Amino acid sequence: MFKVKNIRKWFWVHKWTSLICTLFLLELCITGLPLIFLEQIDNWINPPLSYASLPANTPMANLDSIVNISKQHYPKQFVRSVYVDDDEPAVYVYMTPTMKPDDDLGHSIQFDSRTAKILKDNPPFSQQPETFLGVMLSLHIDLFMGLPGELFLCLMGVLFVAAIFSGLVLYGPFMKKLDFGTVRYNRSRRLKWLDLHNLLGIVIAAWITVVGLTGIMNDLAVPLFGLWNNTEVKALLQSQQGKGSLPQSELSSVQAAFDTARRTLPGMTVTSIVFPDDQGKPSRPYHYLLWAHGNEPLTSQLFYPMLVDARTGRLTAVVKMPWYLRSLEVSRPLHFGNYGGLPLKIIWALFDIGAIILLISGLCIWFARRKSREAWLEKILDSESINNHENVY
Amino acid sequence: MYTRNYSRIWGKPLMLAILIIFGLLAALLGTGVWHLCSWITLCVPVLTIIIFTLKPKLERLHKSHCRYSHP
(Lines give C-alpha, C1' and ligand atoms only; values in the text may rest on other atoms or scores of the structure.)
Protein backbone atom coordinates (compact mmCIF):
# COMPACT_ATOMS: atom_id res chain seq x y z
CA MET A 1 0.00 0.00 0.00
CA PHE A 2 1.08 3.48 -0.70
CA LYS A 3 2.05 5.72 2.15
CA VAL A 4 0.30 9.05 2.44
CA LYS A 5 3.59 10.91 2.65
CA ASN A 6 4.75 9.21 -0.52
CA ILE A 7 1.67 10.24 -2.47
CA ARG A 8 2.30 13.85 -1.53
CA LYS A 9 5.90 13.52 -2.64
CA TRP A 10 5.05 11.91 -5.98
CA PHE A 11 2.28 14.40 -6.59
CA TRP A 12 4.82 17.19 -6.12
CA VAL A 13 7.25 15.47 -8.52
CA HIS A 14 4.51 14.96 -11.12
CA LYS A 15 3.29 18.54 -10.86
CA TRP A 16 6.67 20.20 -11.22
CA THR A 17 8.30 17.92 -13.78
CA SER A 18 5.21 18.24 -15.99
CA LEU A 19 4.78 21.97 -15.52
CA ILE A 20 8.35 22.71 -16.55
CA CYS A 21 8.37 20.53 -19.66
CA THR A 22 4.75 20.72 -20.88
CA LEU A 23 5.02 23.72 -23.19
CA PHE A 24 8.17 22.38 -24.84
CA LEU A 25 6.70 18.89 -25.12
CA LEU A 26 3.60 20.39 -26.67
CA GLU A 27 5.82 22.15 -29.21
CA LEU A 28 7.67 18.88 -29.87
CA CYS A 29 4.45 16.90 -30.35
CA ILE A 30 2.96 19.51 -32.70
CA THR A 31 6.08 19.92 -34.86
CA GLY A 32 6.59 16.15 -34.76
CA LEU A 33 3.18 15.53 -36.31
CA PRO A 34 4.08 16.67 -39.87
CA LEU A 35 7.57 15.17 -39.45
CA ILE A 36 6.03 11.69 -39.16
CA PHE A 37 5.01 12.10 -42.79
CA LEU A 38 8.28 13.78 -43.81
CA GLU A 39 8.80 11.51 -46.84
CA GLN A 40 5.23 11.82 -48.08
CA ILE A 41 5.07 15.61 -47.67
CA ASP A 42 8.50 16.04 -49.23
CA ASN A 43 7.56 13.94 -52.25
CA TRP A 44 4.37 15.93 -52.58
CA ILE A 45 6.06 19.36 -52.39
CA ASN A 46 9.11 18.33 -54.49
CA PRO A 47 7.97 15.62 -56.88
CA PRO A 48 10.84 13.18 -57.49
CA LEU A 49 12.87 13.95 -60.61
CA SER A 50 12.06 11.85 -63.61
CA TYR A 51 14.86 9.39 -64.20
CA ALA A 52 15.69 7.98 -67.63
CA SER A 53 13.69 4.78 -68.05
CA LEU A 54 16.34 2.10 -68.33
CA PRO A 55 16.15 -1.66 -67.69
CA ALA A 56 16.23 -2.45 -63.96
CA ASN A 57 19.56 -4.26 -64.24
CA THR A 58 21.41 -1.34 -65.88
CA PRO A 59 24.77 -1.13 -64.10
CA MET A 60 25.83 1.91 -62.13
CA ALA A 61 28.04 4.49 -63.82
CA ASN A 62 31.63 4.77 -62.64
CA LEU A 63 31.84 6.93 -59.52
CA ASP A 64 35.21 8.33 -60.66
CA SER A 65 33.63 9.80 -63.77
CA ILE A 66 30.79 11.25 -61.69
CA VAL A 67 33.34 12.88 -59.36
CA ASN A 68 35.35 14.14 -62.38
CA ILE A 69 32.28 15.76 -63.93
CA SER A 70 31.63 17.52 -60.60
CA LYS A 71 35.22 18.78 -60.52
CA GLN A 72 34.93 20.06 -64.09
CA HIS A 73 31.88 22.07 -63.05
CA TYR A 74 33.57 23.49 -59.96
CA PRO A 75 37.33 23.23 -60.66
CA LYS A 76 38.34 25.31 -57.61
CA GLN A 77 36.16 23.46 -55.14
CA PHE A 78 36.65 20.33 -53.04
CA VAL A 79 34.65 17.13 -53.18
CA ARG A 80 33.72 16.27 -49.59
CA SER A 81 31.51 13.24 -49.97
CA VAL A 82 29.58 11.10 -52.42
CA TYR A 83 26.19 9.67 -51.45
CA VAL A 84 24.77 6.71 -53.35
CA ASP A 85 20.98 6.73 -52.89
CA ASP A 86 19.64 3.31 -51.88
CA ASP A 87 16.04 4.03 -52.96
CA GLU A 88 16.41 5.90 -56.22
CA PRO A 89 18.95 5.66 -59.05
CA ALA A 90 20.71 8.79 -57.85
CA VAL A 91 24.19 9.79 -56.72
CA TYR A 92 24.84 13.05 -54.88
CA VAL A 93 28.23 14.76 -54.85
CA TYR A 94 28.72 17.20 -52.00
CA MET A 95 31.26 20.00 -52.59
CA THR A 96 32.57 23.02 -50.68
CA PRO A 97 34.67 26.02 -51.83
CA THR A 98 37.19 25.45 -48.99
CA MET A 99 38.15 22.62 -46.66
CA LYS A 100 37.29 24.70 -43.58
CA PRO A 101 35.00 22.88 -41.15
CA ASP A 102 32.66 25.88 -40.92
CA ASP A 103 32.33 26.48 -44.67
CA ASP A 104 28.63 27.13 -45.13
CA LEU A 105 28.67 27.30 -48.93
CA GLY A 106 28.44 23.52 -49.30
CA HIS A 107 26.21 22.35 -52.12
CA SER A 108 25.28 19.10 -53.82
CA ILE A 109 24.99 17.94 -57.41
CA GLN A 110 22.49 15.20 -58.15
CA PHE A 111 23.38 12.64 -60.85
CA ASP A 112 21.51 9.82 -62.49
CA SER A 113 23.51 6.91 -61.12
CA ARG A 114 23.35 4.94 -64.39
CA THR A 115 24.00 7.59 -67.03
CA ALA A 116 26.22 9.92 -64.94
CA LYS A 117 24.17 12.83 -66.23
CA ILE A 118 23.58 15.82 -63.96
CA LEU A 119 19.92 15.92 -62.92
CA LYS A 120 20.10 18.91 -60.63
CA ASP A 121 22.78 21.33 -59.48
CA ASN A 122 21.50 22.56 -56.12
CA PRO A 123 22.39 25.98 -54.68
CA PRO A 124 24.31 25.98 -51.34
CA PHE A 125 22.19 24.65 -48.48
CA SER A 126 22.61 27.92 -46.59
CA GLN A 127 21.13 29.88 -49.51
CA GLN A 128 18.13 27.66 -50.12
CA PRO A 129 14.83 29.18 -49.00
CA GLU A 130 13.44 27.96 -45.67
CA THR A 131 10.96 25.17 -46.26
CA PHE A 132 8.02 24.26 -44.04
CA LEU A 133 9.59 20.91 -43.18
CA GLY A 134 12.97 22.55 -42.56
CA VAL A 135 11.41 24.90 -40.00
CA MET A 136 9.55 22.01 -38.37
CA LEU A 137 12.78 20.00 -38.18
CA SER A 138 14.76 22.84 -36.62
CA LEU A 139 12.00 23.52 -34.09
CA HIS A 140 11.80 19.83 -33.28
CA ILE A 141 15.52 19.12 -33.02
CA ASP A 142 17.15 22.22 -31.54
CA LEU A 143 14.79 25.24 -31.55
CA PHE A 144 17.17 26.90 -34.08
CA MET A 145 19.87 26.95 -31.39
CA GLY A 146 22.22 24.18 -32.46
CA LEU A 147 23.82 21.96 -29.86
CA PRO A 148 22.67 23.98 -26.80
CA GLY A 149 19.10 23.70 -28.10
CA GLU A 150 19.48 19.93 -28.53
CA LEU A 151 20.80 19.51 -25.01
CA PHE A 152 18.04 21.72 -23.63
CA LEU A 153 15.36 19.62 -25.33
CA CYS A 154 17.16 16.52 -24.06
CA LEU A 155 16.76 17.87 -20.52
CA MET A 156 13.06 18.52 -21.19
CA GLY A 157 12.85 14.90 -22.35
CA VAL A 158 14.36 13.71 -19.07
CA LEU A 159 11.76 15.76 -17.15
CA PHE A 160 9.05 14.30 -19.37
CA VAL A 161 10.11 10.74 -18.57
CA ALA A 162 10.19 11.66 -14.86
CA ALA A 163 6.66 13.08 -15.26
CA ILE A 164 5.50 9.84 -16.92
CA PHE A 165 7.00 7.74 -14.15
CA SER A 166 5.52 9.84 -11.33
CA GLY A 167 2.20 9.85 -13.17
CA LEU A 168 2.25 6.05 -13.24
CA VAL A 169 2.98 5.97 -9.52
CA LEU A 170 -0.03 8.23 -8.83
CA TYR A 171 -2.29 6.20 -11.11
CA GLY A 172 -2.54 3.35 -8.58
CA PRO A 173 -3.95 5.30 -5.61
CA PHE A 174 -6.09 7.42 -7.94
CA MET A 175 -7.84 4.41 -9.47
CA LYS A 176 -8.41 2.58 -6.20
CA LYS A 177 -12.14 3.30 -6.25
CA LEU A 178 -12.64 3.74 -9.99
CA ASP A 179 -12.96 1.25 -12.81
CA PHE A 180 -10.50 1.32 -15.69
CA GLY A 181 -11.32 4.08 -18.14
CA THR A 182 -13.96 5.84 -16.04
CA VAL A 183 -14.67 9.31 -17.44
CA ARG A 184 -17.04 11.34 -15.26
CA TYR A 185 -18.67 13.75 -17.67
CA ASN A 186 -21.55 14.54 -15.30
CA ARG A 187 -19.32 15.95 -12.55
CA SER A 188 -17.11 19.04 -12.57
CA ARG A 189 -15.16 20.09 -15.62
CA ARG A 190 -11.93 19.50 -13.80
CA LEU A 191 -12.87 15.92 -12.92
CA LYS A 192 -13.66 15.28 -16.57
CA TRP A 193 -10.19 16.51 -17.62
CA LEU A 194 -8.59 14.56 -14.81
CA ASP A 195 -10.30 11.33 -15.89
CA LEU A 196 -9.39 11.91 -19.53
CA HIS A 197 -5.80 12.67 -18.49
CA ASN A 198 -5.62 9.40 -16.56
CA LEU A 199 -7.21 7.34 -19.32
CA LEU A 200 -4.99 8.77 -22.06
CA GLY A 201 -1.88 8.65 -19.92
CA ILE A 202 -2.25 5.04 -18.84
CA VAL A 203 -3.20 3.75 -22.31
CA ILE A 204 -0.33 5.38 -24.20
CA ALA A 205 2.16 5.21 -21.31
CA ALA A 206 4.36 2.64 -23.05
CA TRP A 207 4.42 4.59 -26.31
CA ILE A 208 5.24 7.98 -24.76
CA THR A 209 7.94 6.33 -22.65
CA VAL A 210 9.54 4.76 -25.75
CA VAL A 211 9.30 7.95 -27.81
CA GLY A 212 10.50 10.05 -24.85
CA LEU A 213 13.55 7.87 -24.13
CA THR A 214 14.49 7.52 -27.81
CA GLY A 215 14.07 11.30 -28.19
CA ILE A 216 16.55 11.81 -25.36
CA MET A 217 18.95 9.45 -27.17
CA ASN A 218 18.56 11.33 -30.47
CA ASP A 219 19.29 14.65 -28.79
CA LEU A 220 22.55 13.17 -27.54
CA ALA A 221 23.68 12.23 -31.07
CA VAL A 222 26.27 15.02 -31.39
CA PRO A 223 28.04 14.36 -28.05
CA LEU A 224 27.92 10.59 -28.59
CA PHE A 225 29.45 10.79 -32.08
CA GLY A 226 31.99 13.26 -30.70
CA LEU A 227 32.94 10.80 -27.97
CA TRP A 228 33.38 8.01 -30.53
CA ASN A 229 35.44 10.24 -32.86
CA ASN A 230 37.66 11.29 -29.99
CA THR A 231 38.30 7.76 -28.74
CA GLU A 232 38.01 4.85 -31.17
CA VAL A 233 38.31 6.69 -34.50
CA LYS A 234 41.10 8.86 -33.22
CA ALA A 235 42.99 5.82 -31.95
CA LEU A 236 42.87 4.30 -35.45
CA LEU A 237 44.16 7.50 -37.05
CA GLN A 238 46.62 8.36 -34.28
CA SER A 239 49.77 8.23 -36.44
CA GLN A 240 48.32 10.70 -38.93
CA GLN A 241 47.24 13.53 -36.64
CA GLY A 242 48.60 16.93 -37.65
CA LYS A 243 49.60 15.88 -41.17
CA GLY A 244 48.45 17.72 -44.26
CA SER A 245 45.99 16.19 -46.65
CA LEU A 246 46.84 14.73 -50.04
CA PRO A 247 45.80 16.98 -52.91
CA GLN A 248 42.45 15.71 -54.19
CA SER A 249 44.01 15.01 -57.59
CA GLU A 250 46.27 12.37 -55.99
CA LEU A 251 43.56 10.38 -54.23
CA SER A 252 43.06 6.75 -55.22
CA SER A 253 39.99 5.77 -57.22
CA VAL A 254 36.62 6.42 -55.52
CA GLN A 255 35.04 3.57 -57.44
CA ALA A 256 37.80 1.21 -56.23
CA ALA A 257 37.22 2.29 -52.61
CA PHE A 258 33.48 1.71 -53.10
CA ASP A 259 34.13 -1.76 -54.57
CA THR A 260 36.55 -2.64 -51.75
CA ALA A 261 33.89 -1.71 -49.18
CA ARG A 262 31.26 -3.78 -50.99
CA ARG A 263 33.59 -6.79 -51.11
CA THR A 264 34.45 -6.38 -47.43
CA LEU A 265 30.82 -6.45 -46.29
CA PRO A 266 28.93 -8.55 -48.84
CA GLY A 267 25.16 -8.43 -48.49
CA MET A 268 25.27 -4.85 -47.22
CA THR A 269 24.55 -1.60 -48.97
CA VAL A 270 27.36 0.97 -49.14
CA THR A 271 25.75 4.40 -49.20
CA SER A 272 28.36 7.04 -48.70
CA ILE A 273 32.02 7.82 -49.21
CA VAL A 274 33.47 10.68 -47.19
CA PHE A 275 36.68 12.12 -48.63
CA PRO A 276 39.93 12.59 -46.68
CA ASP A 277 39.78 15.67 -44.49
CA ASP A 278 42.78 17.00 -42.57
CA GLN A 279 40.73 19.63 -40.73
CA GLY A 280 38.13 17.35 -39.23
CA LYS A 281 38.09 16.10 -35.67
CA PRO A 282 39.95 13.81 -35.68
CA SER A 283 42.02 14.67 -38.72
CA ARG A 284 41.68 11.98 -41.41
CA PRO A 285 44.21 13.12 -44.03
CA TYR A 286 44.72 9.87 -45.97
CA HIS A 287 41.54 7.87 -45.62
CA TYR A 288 38.19 7.59 -47.26
CA LEU A 289 35.45 6.89 -44.70
CA LEU A 290 32.70 4.68 -46.14
CA TRP A 291 29.35 3.88 -44.54
CA ALA A 292 27.40 0.69 -45.18
CA HIS A 293 24.19 -0.66 -43.69
CA GLY A 294 22.15 -3.90 -43.76
CA ASN A 295 18.97 -4.48 -45.71
CA GLU A 296 16.41 -5.73 -43.14
CA PRO A 297 14.17 -3.27 -41.23
CA LEU A 298 16.43 -3.41 -38.17
CA THR A 299 19.82 -3.93 -39.84
CA SER A 300 19.17 -1.10 -42.30
CA GLN A 301 19.43 1.17 -39.25
CA LEU A 302 22.80 -0.26 -38.17
CA PHE A 303 25.75 1.39 -39.87
CA TYR A 304 29.21 -0.05 -40.48
CA PRO A 305 31.97 2.52 -41.06
CA MET A 306 35.08 1.49 -42.97
CA LEU A 307 38.41 3.26 -43.55
CA VAL A 308 40.00 2.81 -46.97
CA ASP A 309 43.49 4.19 -47.51
CA ALA A 310 43.30 6.86 -50.22
CA ARG A 311 46.97 6.40 -51.13
CA THR A 312 46.85 2.65 -51.79
CA GLY A 313 43.11 1.98 -52.15
CA ARG A 314 43.37 -0.79 -49.51
CA LEU A 315 41.01 -1.38 -46.63
CA THR A 316 42.50 -0.19 -43.33
CA ALA A 317 39.73 -1.18 -40.93
CA VAL A 318 36.04 -1.80 -40.38
CA VAL A 319 35.56 0.54 -37.42
CA LYS A 320 33.73 -1.00 -34.48
CA MET A 321 30.58 0.84 -33.47
CA PRO A 322 30.36 1.12 -29.66
CA TRP A 323 27.20 0.14 -27.76
CA TYR A 324 26.09 3.74 -27.24
CA LEU A 325 26.03 4.44 -30.98
CA ARG A 326 24.22 1.14 -31.62
CA SER A 327 21.59 2.22 -29.06
CA LEU A 328 21.33 5.56 -30.83
CA GLU A 329 20.79 3.78 -34.15
CA VAL A 330 18.04 1.58 -32.72
CA SER A 331 16.49 4.68 -31.11
CA ARG A 332 16.01 6.44 -34.42
CA PRO A 333 13.26 4.28 -35.96
CA LEU A 334 11.53 3.89 -32.59
CA HIS A 335 11.34 7.67 -32.35
CA PHE A 336 10.38 8.40 -35.97
CA GLY A 337 7.92 5.52 -36.51
CA ASN A 338 9.15 5.21 -40.08
CA TYR A 339 9.82 1.48 -40.15
CA GLY A 340 6.41 -0.12 -40.63
CA GLY A 341 4.86 1.45 -43.70
CA LEU A 342 2.17 4.11 -43.92
CA PRO A 343 -0.23 2.36 -41.48
CA LEU A 344 2.40 2.58 -38.73
CA LYS A 345 2.88 6.27 -39.51
CA ILE A 346 -0.86 6.86 -39.18
CA ILE A 347 -0.89 5.00 -35.85
CA TRP A 348 2.14 7.10 -34.80
CA ALA A 349 0.20 10.26 -35.63
CA LEU A 350 -2.82 9.06 -33.63
CA PHE A 351 -0.62 8.33 -30.61
CA ASP A 352 0.98 11.75 -31.06
CA ILE A 353 -2.44 13.43 -31.06
CA GLY A 354 -3.20 11.42 -27.92
CA ALA A 355 -0.02 12.82 -26.35
CA ILE A 356 -1.04 16.37 -27.33
CA ILE A 357 -4.43 15.93 -25.63
CA LEU A 358 -2.67 14.37 -22.63
CA LEU A 359 -0.48 17.46 -22.26
CA ILE A 360 -3.36 19.88 -22.77
CA SER A 361 -5.54 18.04 -20.28
CA GLY A 362 -2.68 18.22 -17.79
CA LEU A 363 -2.55 21.99 -18.30
CA CYS A 364 -6.33 22.27 -17.94
CA ILE A 365 -6.15 20.49 -14.60
CA TRP A 366 -3.40 22.85 -13.53
CA PHE A 367 -5.38 25.93 -14.57
CA ALA A 368 -8.45 24.71 -12.72
CA ARG A 369 -8.95 26.32 -9.36
CA ARG A 370 -6.24 25.55 -6.89
CA LYS A 371 -8.83 25.02 -4.20
CA SER A 372 -10.43 22.09 -5.95
CA ARG A 373 -7.03 20.60 -6.70
CA GLU A 374 -6.22 20.69 -3.02
CA ALA A 375 -9.60 19.15 -2.30
CA TRP A 376 -8.87 16.31 -4.70
CA LEU A 377 -5.53 15.58 -3.11
CA GLU A 378 -7.08 15.72 0.35
CA LYS A 379 -9.71 13.26 -0.78
CA ILE A 380 -7.16 10.73 -1.95
CA LEU A 381 -5.12 11.28 1.17
CA ASP A 382 -8.21 10.76 3.33
CA SER A 383 -9.09 7.51 1.69
CA GLU A 384 -5.47 6.42 2.01
CA SER A 385 -5.41 7.28 5.71
CA ILE A 386 -8.48 5.16 6.25
CA ASN A 387 -6.73 2.29 4.52
CA ASN A 388 -3.49 2.54 6.44
CA HIS A 389 -4.05 3.65 9.97
CA GLU A 390 -0.44 3.09 10.83
CA ASN A 391 0.70 5.67 8.29
CA VAL A 392 -1.43 8.62 9.29
CA TYR A 393 0.88 11.59 9.27
CA MET B 1 -8.20 -8.89 -1.50
CA TYR B 2 -5.02 -6.83 -1.89
CA THR B 3 -3.88 -8.80 -4.95
CA ARG B 4 -7.33 -8.64 -6.50
CA ASN B 5 -7.43 -4.87 -6.19
CA TYR B 6 -3.93 -4.67 -7.60
CA SER B 7 -4.80 -6.68 -10.68
CA ARG B 8 -8.08 -4.79 -11.05
CA ILE B 9 -6.12 -1.53 -11.29
CA TRP B 10 -3.06 -2.72 -13.21
CA GLY B 11 -4.37 -5.61 -15.31
CA LYS B 12 -5.56 -3.64 -18.33
CA PRO B 13 -2.73 -1.06 -18.29
CA LEU B 14 -0.17 -3.87 -18.20
CA MET B 15 -1.87 -5.67 -21.08
CA LEU B 16 -1.91 -2.46 -23.14
CA ALA B 17 1.76 -1.82 -22.44
CA ILE B 18 2.65 -5.35 -23.55
CA LEU B 19 0.61 -4.92 -26.74
CA ILE B 20 2.35 -1.62 -27.53
CA ILE B 21 5.85 -2.99 -26.94
CA PHE B 22 5.01 -6.08 -29.00
CA GLY B 23 3.62 -3.89 -31.81
CA LEU B 24 6.67 -1.62 -31.84
CA LEU B 25 9.12 -4.52 -31.92
CA ALA B 26 7.17 -6.68 -34.38
CA ALA B 27 7.49 -4.07 -37.13
CA LEU B 28 11.14 -3.46 -36.29
CA LEU B 29 12.29 -7.08 -36.16
CA GLY B 30 10.02 -8.66 -38.75
CA THR B 31 8.62 -8.03 -42.19
CA GLY B 32 5.46 -8.97 -44.06
CA VAL B 33 2.94 -10.55 -41.73
CA TRP B 34 4.73 -9.10 -38.68
CA HIS B 35 3.96 -5.63 -39.94
CA LEU B 36 0.29 -6.57 -40.10
CA CYS B 37 0.51 -7.94 -36.52
CA SER B 38 2.11 -4.67 -35.46
CA TRP B 39 -0.62 -2.52 -37.00
CA ILE B 40 -3.39 -4.61 -35.43
CA THR B 41 -1.92 -4.68 -31.92
CA LEU B 42 -1.16 -0.95 -32.00
CA CYS B 43 -4.76 -0.21 -32.97
CA VAL B 44 -5.96 -1.74 -29.68
CA PRO B 45 -4.82 1.19 -27.46
CA VAL B 46 -6.17 3.70 -29.97
CA LEU B 47 -9.57 1.98 -29.99
CA THR B 48 -9.48 1.67 -26.18
CA ILE B 49 -9.21 5.44 -25.85
CA ILE B 50 -11.96 6.07 -28.38
CA ILE B 51 -14.33 3.53 -26.81
CA PHE B 52 -13.83 4.68 -23.22
CA THR B 53 -14.16 8.39 -23.99
CA LEU B 54 -17.32 7.83 -26.02
CA LYS B 55 -18.91 5.18 -23.76
CA PRO B 56 -20.36 7.52 -21.09
CA LYS B 57 -21.73 9.83 -23.80
CA LEU B 58 -23.35 6.97 -25.69
CA GLU B 59 -24.83 5.61 -22.46
CA ARG B 60 -26.35 8.98 -21.66
CA LEU B 61 -27.71 9.22 -25.20
CA HIS B 62 -29.14 5.74 -24.85
CA LYS B 63 -30.80 6.61 -21.53
CA SER B 64 -32.45 9.74 -22.87
CA HIS B 65 -33.53 7.77 -25.91
CA CYS B 66 -35.15 5.14 -23.65
CA ARG B 67 -36.92 7.86 -21.71
CA TYR B 68 -38.40 9.13 -24.94
CA SER B 69 -39.59 5.77 -26.18
CA HIS B 70 -41.07 4.64 -22.78
CA PRO B 71 -42.44 7.72 -21.09
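See the values below:
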item: Point-to-point label distance, residue A:296-residue A:253, nm (Cα→Cβ direction, 7 Å offset); result: 3.4 nm
item: Calculated P(r) of chain B - Cα pairs past 14 Å, %; result: 71 percent
item: Accessible area per residue in Å² at 1.4 Å probe, computed on the protein assembly as shown; result: 53 Å²
item: With every protein chain in place, segment A:260-349: carbon and sulfur % of accessible area (1.4 Å); result: 58 percent
item: Sum of -39500 (n - 2.57) over DSSP H runs of 4+, divided by residues of chain A (222 nm, nearest 500); result: -17000 deg cm²/dmol
item: Within the accessible area of segment A:133-219 (1.4 Å probe), percent carbon and sulfur; result: 71 percent
item: Per-residue mean of C-beta atoms belonging to partner chains within 10 Å, peptide A:332-342; result: 3
item: Alpha-carbon radius of gyration plus Dmax, which is the widest Cα pair, for segment A:46-99 in Å; result: 13.1, 39
item: Cα-based equivalent ellipsoid of chain A: semi-axis lengths in Å, sorted from largest, via gyration tensor; result: 52, 23, 18
item: Among A:255, A:147, A:191 the positive-end extreme of the charge dipole of chain A (Cβ point charges); result: A:191
item: Which of A:61, A:17, A:83, positive extreme of dipole for segment A:1-104 (C-beta unit charges); result: A:17
item: Heavy-atom accessible area ranking, 1.4 Å probe, most first, across A:117, B:12, A:192; result: A:117, B:12, A:192
item: Other protein chain Cβ atoms within 10 Å, averaged over every residue that makes up A:200-211; result: 6
item: Accessible surface buried once B binds A (1.4 Å probe; total of both sides; Å²); result: 2900 Å²
item: At least 18 Å along the helix axis (C-alpha) and Kyte average at least -1.0, DSSP helices within chain A; result: A:4-36, A:146-174, A:189-203, A:205-219, A:323-336, A:341-367
item: Nearest-0.05 FRET efficiency for residue A:229 and residue A:323, computed from C-beta distance (R0 22 Å); result: 0.85
item: Added length on full extension, which subtracts the Cα-Cα distance from 0.36 nm per residue, residue A:6 to residue A:117; result: 33.1 nm
item: Rel. contact order, % - alpha carbon contacts under 8 angstrom, at least six apart, chain B; result: 24 percent
item: Segment A:194-312, Cα convex hull volume normalised per residue, Å³; result: 133 Å³
item: Sulfur and carbon atoms: percent of accessible area, segment A:41-107 [1.4 Å]; result: 56 percent
item: Per-residue mean of C-beta atoms belonging to partner chains within 10 Å, peptide A:289-298; result: 2
item: Accessible surface, 1.4 Å probe, highest first, among residues A:304, A:339, A:83; result: A:83, A:304, A:339
item: Residues losing 10 Å² or more accessible surface upon assembly, segment A:346-367, compared with the chain by itself, 1.4 Å; result: A:347, A:348, A:350, A:351
item: Whole-number percent relative contact order across chain A, with pairs defined as alpha carbons under 8 Å at least 6 apart; result: 20 percent
item: Segment A:291-355 - percent relative contact order, Cα under 8 Å, separation 6 or more; result: 21 percent
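The values are calculated or read from the model by the stated rules, or taken from the named source; none is laboratory data. Predicted model, so just to flag it, every value in this text is computed and none were measured. All Cβ positions, even for glycine, are placed from backbone atoms using ideal geometry, and neighbour counts span all protein chains on display. Keep in mind that these areas ignore ligands, DNA and RNA; they rest on the heavy atoms of the full protein, side chains included. Shrake-Rupley method; radii C 1.70, N 1.55, O 1.52, S 1.80 Å.
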